[in-house]
Amino acid sequence: MSDIDRVMRSNLKLKHLQLVVALDEFRHLGRAAEFLSLTQPAVSKSLAEIEKMFGLELFTRSTRGTRPTAYGEQVVRFARSVLVDFDRTCDDIAAVASGGAGRIRVGAMVVATPGLLVEAVGRLKVSSPQTTVSIEEGDLTRLLPRLRTGELDFIVGRLEPGYSSPDLETEALYAEPMRVVVAAEHPLASVAKPSWHDLATLPWVVPPAWASSRVKLNQMFYKHKLQPPADIVETSSFLVTMTFMRKRGCVCFVASEVAQYLQSTGIGYTLQLDVPIELPPVGIIVLRNGLKTPVARTLIDALHAQARDIRGETMPA
């Protein structure tokens, strides 16, 4: 057994893992010490002990703070994964003790939230009302790192091809077109057949530049010999989109299910505008060879059932 193997298996304690993660988060001995309710000399001493165990420098120290070395980055990654599993196990044990049914952590892109995820969670809650469902909204740039460290069980969203990777498995569920939406009181809401020319000079809320839907939106303007809007706000947040739509009168480019939700609540109005573009499907992203808990499998089954409803399919008799 190598020295590193011995350290990882026998010598490292939970407090050591918490320390290296705190140092990575705060990049400062004093702030890490404050977070851990320790003195700065105690943190320095503990870090020196950890580095002595490994026989490696894990963090560089300077007047500007601390930074993980190449070795330190690997130890931090390991520490994060262990602490996530520790927290998850504590949650699951507490849930069993209280008569609950565990916890599921889902990353959700806006495209999948109103029509797919919310309804699937509703199906889950019918049979398991005490299951805690933790949902983190964001785009793939935010959610994928959390999936890889085990902080999320899976992600639901648009399966952007630019983010495919050998460590990920994806499952397409259904196609989801885009719609153009304005606030219910917007002047365009009373226009029977608005054109792309009507929209080109207006303020917009649009997906981030990397998103396939954003690329396709720009192409629609080029197709009509127009320049894409210059007055834009980029976001993957539903709340930001809705707020700018209502407060600033922005035109929004959102998934069909999101448009239906906004119109059903009286907040938005879907313009009668043809948006003939093809986009990657909505689906599920999991870590290849990752462990799926029973509650995760149950929610994935509910997502499959809801996706069948969205596709208009019926279960065989």
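The values are calculated or read from the model by the stated rules, or taken from the named source; none is laboratory data. Computed from a predicted model, the values in this text were never measured in an experiment. Neighbour counts run over all protein chains shown; Cβ positions are idealised from the backbone, glycine included. In case anyone asks, the SASA skips ligands and DNA or RNA and just uses the protein heavy atoms, side chains included. Shrake-Rupley method; radii C 1.70, N 1.55, O 1.52, S 1.80 Å.
Of A48, A211, A255, which is the most mobile in a GNM of the chain whose springs link Cα atoms less than 10 angstrom apart?
Judging by the Gaussian network model, the answer is A48.
Between L226 and D87, what is the FRET efficiency for a Förster distance of 45 Å, r being their Cβ-Cβ separation, to the nearest 0.05?
Once the sixth-power term is evaluated, E becomes 0.35.
If you roll a 1.4 Å probe over segment 119-170 with all protein chains in place, what percent of the accessible area is carbon or sulfur?
On the way: 1240 of 2480 Å².
Carbon with sulfur: 50 percent of the solvent-accessible area.
Tell me the per residue accessible area of the chain using a 1.4 Å probe; a whole number in Å² is fine. All intermediate terms of the calculation are to be shown ahead of the outcome.
On the way: 16710 Å² over 317 residues.
The answer is 53 Å² per residue.
222 nm [θ] for the chain, helices only, -39500 (n - 2.57) per DSSP H run of 4+, per residue, to 500?
Rounded to the nearest 500, it is -13500 deg cm²/dmol.
Run the quick spin-label model on R308 and E136: label points 7 Å from Cα toward the beta carbon, then report their separation in nm to one decimal.
3.1
Cα extents of segment 3-80 along the three principal axes, largest first, in whole Å?
So the three principal-axis extents are 31, 23, 20 Å.
Quick one: Karplus J couplings for segment 305-312, per residue in order, coefficients 6.51, -1.76, 1.60, θ = phi - 60°, nearest Hz, x for Gly and Pro?
Those phi angles translate into 5, 5, 5, 4, 5, 5, 6, x Hz.
Output the relative contact order of the chain, whole-number percent, from Cα pairs under 8 angstrom with separation of 6+ residues.
20
For K125, K247, K13, give me the order by solvent-accessible area with a 1.4 Å probe, most accessible first, ignoring ligands, DNA and RNA.
These residues rank, largest area first, as K247, K13, K125.
Under 10 Å, Cα contacts only: if you run a Gaussian network model on the chain, which one of V206, V181, V126 comes out with the highest mean-square fluctuation?
Per the Cα network of the chain with a 10 Å cutoff, V126 tops the list.
Out of all DSSP beta bridges in the chain, what portion is antiparallel? Express it as a percent rounded to 5.
Here the antiparallel bridges make up roughly 60 percent for the chain.
At 1.4 Å probe size, what's the solvent-accessible area of V21? Round to the nearest 10 Å².
In the full protein context, V21 sits at about 20 Å².
How much of E137 can a 1.4 Å solvent probe reach, expressed as accessible area in Å² and rounded to 10?
Taking all protein chains as shown, E137 has close to 80 Å².
Provide Y222, Y163 ordered by accessible surface of protein heavy atoms (probe 1.4 Å), highest first.
Result of the area sort, largest leading: Y222, Y163.
On the protein heavy atoms, probe 1.4 angstrom, tell me the percent of accessible surface of segment 238-317 carried by carbon and sulfur. All intermediate terms of the calculation are to be shown ahead of the outcome.
Values: 2260 of 4310 Å².
In segment 238-317, the share of accessible area belonging to carbon and sulfur is 53 percent.
Tell me, what % of the accessible area of segment 3-80 is carbon and sulfur with a 1.4 angstrom probe?
Ligands and nucleic acids excluded, carbon and sulfur reach 51 percent.
How high is the relative contact order of segment 148-282, in percent, with contacts defined as C-alpha pairs under 8 Å that are six or more residues apart?
43
For segment 14-75 and segment 270-306, what is the centre-to-centre distance using only Cα atoms, to the nearest Å?
39
From largest accessible area down, sort V110, V191; use a 1.4 Å probe on the protein chains. Each step should come with its number before you reach the end.
Numbers: V110 30, V191 55 Å².
I get V191, V110, largest accessible area first.
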